[in-house]
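Notes for the one structure printed next.
The values are calculated or read from the model by the stated rules, or taken from the named source; none is laboratory data. Here the structure is a predicted model, which means the values were calculated and not measured. Reconstructed Cβ throughout: ideal geometry from the backbone, glycine too, with neighbour counts over all protein chains shown. In case anyone asks, the SASA skips ligands and DNA or RNA and just uses the protein heavy atoms, side chains included. Shrake-Rupley method; radii C 1.70, N 1.55, O 1.52, S 1.80 Å.
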Amino acid sequence: MFLNTLTPKFYVALTGTSSLISGLILIFEWWYFRKYGTSFIEQVSVSHLRPLLGGVDNSSPNNSNTSNGDADSNRQNVSECKVWRNPLNLFRGAEYNRYTWVTGREPLTYYDMNLSAQDHQTFFTCDSDHIRPADASKKPKMNQTFTMNTSYILLAEEEATTIVEAEKLFKQALKVGESCYRRSQQLQHHSSQYEAQHRRDTNVLVYIKRRLAMCSRKLGRTKEAVKMMRDLMKEFPLLSMFNIHENLLESLLELQNYADVQAVLAKYDDISLPKSATICYTAALLKARAVSDKFSPEAASRRGLSTAEMNAVEAIHRAVEFNPHVPKYLLEMKSLILPPEHILKRGDSEAIAYAFFHLQHWKRVEGALNLLHCTWEGTFRMIPYPLEKGHLFYPYPICTETADRELLPMFHEVSVYPKKELPFFILFTAGLCSFTAMLALLTHQFPELMGVFAKAFLSTLFAPLNFIMEKVESILPSGLWHQLTRI
């Protein structure tokens with residue numbers, strides 16, 4: 001009786017409402033997946049429902065071992081996703097701000113600028129800067145000199161509108177910085193406070209000289225920049241946190257001094273030292289340079305690869321495995337933006353920083369980009385499951401996308417590797433939305449026919465239930481059955 005009273009309008013409303021609800025769920029799931037890289041329904045199911053259904057016993061030793069393993073993996077992910085200072089970072093006033101004035105876009109994120117402020121606080125301060133005012137009055141001249149030096153640096157970084165202005169301010173800061181360095185060098189063994197001041201003054205002096213070398217490089221005085229970087233690396237060989245060798249490699253490539261580039265790589269492309277896109281791709285460029293001018297994919301397919309060509313291809317595969325995002329920028333398959341002030345190794349931010357400065361060097365070597373174009377995708381056949389197992393490096397970290405989204409501006413489409421498959425619940429809700437929308441359209445166009453189909457379907461669906469009820473009625477006494485039906 002209930003089925004017979006349903007009209008076609010009911011079925012139109014039912015299917016239309018189902019389609020609308022599933023469509024809203026689909027839109028939310030898609031937005032959540034694009035923003036966070038996972039399904040909201042799946043995340044809620046794993047986080048809240050699985051512990052309830054699985055009955056996890058937190059007291060068992062196996063679970064304690066699992067939790068320890070999870071903690072170890074979390075620590076590994078944190079170390080893999082460490083953010084590094086970009087060795088070739090641009091000047092905020094003379095370059096980043098000029099970009100904002102011209103385009104109206106902000107090239108730096110708040111997270112990136114906040115990291116820079118923390119870096120400056122780490123490099124330019126020490127524990128003795130927080131001593132009591134009574135103690136500070138004993139050495140007012142030293143404190144005033146250091147404050148003036150810091151002011152010069154900040155003015156050069158953020159207020160100078162041209163590289164020439166920034167260089168003048170850095171030269172003034174250099175005079176003050178050298179004076180502070182010599183003074184603290186003489187007093188460093190007197191106490192721990194003086195030793196901390198000497199470390200701070202050393203960091204400041206290295207920072208100023210490195211930025212002056214970068215000013216010379218940007219103003220076309222490349223040989224002068226190379227000399228300044230070499231002297232700096234020779235004078236302070238233990239200060240590797242600035243990665244000055246990457247600045248040196250870029251300047252030597254600009255001079256096309258490939259022998260010196262090879263010498264620098266021989267020192268820093270070591271298995272015991274941390275790698276970077278600059279190291280791996282520069283090594284690939286040098287090996288590609290030896291064969292790229294005569295390389296032809298047709299000839300190579302006929303006769304096979306020579307030893308030199310095989311070495312070049314292996315070097316390209318090694319570089320692509322370390323950072324798979326770089327080739328699309330070098331081959332201009334993706335548009336470049338200004339590099340951020342901090343980068344994530346093996347991430348999209350590092351790829352942008354490398355390609356921004358080194359694309360011209362690849363173009364200068366005849367046939368290098370053609371060789372890269374023909375061979376770089378072969379890397380992925382050697383590592384079909386990059387998140388589980390690597391070939392020459394550790395498995396690719398899974399946290400790069402999240403960190404790169406924090407470092408790169410919103411208008412840039414972050415490169416993701418490996419490409420994520422759509423979660424099951426997005427596909428399910430898409431299918432459900434499409435199916436119910438089709439049913440709503442058919443019911444609206446052919447109400448009588450779809451009503452007959454719906455009644456037949458529901459009758460078939462409830463037929464087993466009707467059969468069971470008839471059997472129960474035949475077994476039970478009539479009085480008891482009537483009482484049950486009333487209840």
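Working note: Cα atoms of the range 258-353, range along each principal axis, descending, whole Å: 46, 33, 21. Rounded to the nearest 0.05, the FRET efficiency derived from the C-beta distance between Phe435 and Gln185 at R0 = 51 Å is 0.10. With contacts taken as Cα pairs under 8 Å and at least 6 residues apart, the range 243-419 reaches a relative contact order of 23 percent. The fraction of accessible area contributed by carbon and sulfur in the range 243-419 is 53 percent, rounded to a whole number (1.4 Å probe; ligands and nucleic acids excluded).
Rounded to two decimals, the Cα-based Rg/Rh of the range 243-419, with Kirkwood Rh, is 0.95.
Each residue, Glu314 and Arg199, gets one label point 7 Å from its Cα in the Cβ direction; the gap between the two is 4.2 nm. A Förster radius of 41 Å, combined with the Cβ-Cβ distance separating Tyr385 from Glu106, puts the computed FRET efficiency at roughly 0.65.
What does the charge count around Tyr152 come to, taking other residues whose C-beta lies under 13 Å from its C-beta (Lys +1, Arg +1, Asp -1, Glu -1)?
Details: positive: Lys168, Lys171, Lys175, Arg211; negative: Glu157, Glu158, Glu159, Glu165, Glu167, Glu178.
Within the 13 Å Cβ shell, the charges total -2.
What full-extension length gain, to one decimal in nm, is calculated for Val44 and Ala299 as 0.36 nm per residue of separation minus the Cα-Cα distance? If you can, show how the numbers build up before the last one.
On the way: separation 255, 0.36 × 255 = 91.80 nm, distance 5.52 nm.
Extra length available between Val44 and Ala299 comes to 86.3 nm.
Here r is the Cβ-Cβ distance between Ser459 and Trp30 and R0 is 41 Å; the resulting FRET efficiency, rounded to 0.05, is 0.65.
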